[in-house]
Amino acid sequence: MGVYSVGLIIETTADYQKWIFKTQNPATFCNARLWSISQHPNWFGNLLIWFGIFILNAPALIETVPVEGTLWDTIWGFRRLVLACLSPAFMSYLFNGQADGFFDNHGRACQRKVYWRSGLHPIRRDCQQDYFKAFLNNVD
């Protein structure tokens, strides 16, 4: 329950902080509070929510195996737990793809296939430059 609660608090706080910041500074890059720590703290909170739901439901997803059960019966008893792992994994895939720009343009996505297959995830240059400029503006 703790992971779910922390995720809900982080996501709600990040969304509220961005809303307040954007109402006061509509054309400015949001880099206040949680947004100064991470590019997408609300996404991190959402991932924690999904992972918390998975943890809360994990015990109910495992089937009990009879005492005389075989190894295959034990493995088969975990099938629902393994399928439930797909939800947080899929959300992580979507968030990572959005954050590194993989889903922004089909043409650029095709160019990034080489990086994706190699396991290297290039940082979006436009985001990197925005964060660097925001960092330089906030350095005392």
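The values are calculated or read from the model by the stated rules, or taken from the named source; none is laboratory data. Note that this is a predicted model, so its numbers are computed, not measured. Heads up, the Cβs are rebuilt from the backbone with ideal geometry, glycines too, and the neighbour counts pull from every protein chain shown.
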With the structure loaded, tell me whether Q24 is among the polar types (S, T, N, Q) and either modelled with pLDDT under 80 or touching a Lys or Arg at 6+ places or on another chain (Cβ under 8 Å) (or both) or whether it fails that test. no
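So if I check each of S87, S38, which one is in a helix (DSSP H, G or I), small (G, A, S) and without any contact (Cβ under 8 Å) to a residue 60 or more places away in the chain? Can you show your working first?
On the way: S38 fails: in a helix (DSSP H, G or I).
S87 is the lone residue from the list that is in a helix (DSSP H, G or I), small (G, A, S) and without any contact (Cβ under 8 Å) to a residue 60 or more places away in the chain.
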Could you please give the count of residues in segment 14-35 that are touching a residue at least 24 places away in the same chain (Cβ under 8 Å) and under 17 Å from the mean Cα position of the chain (by Cα)? 3
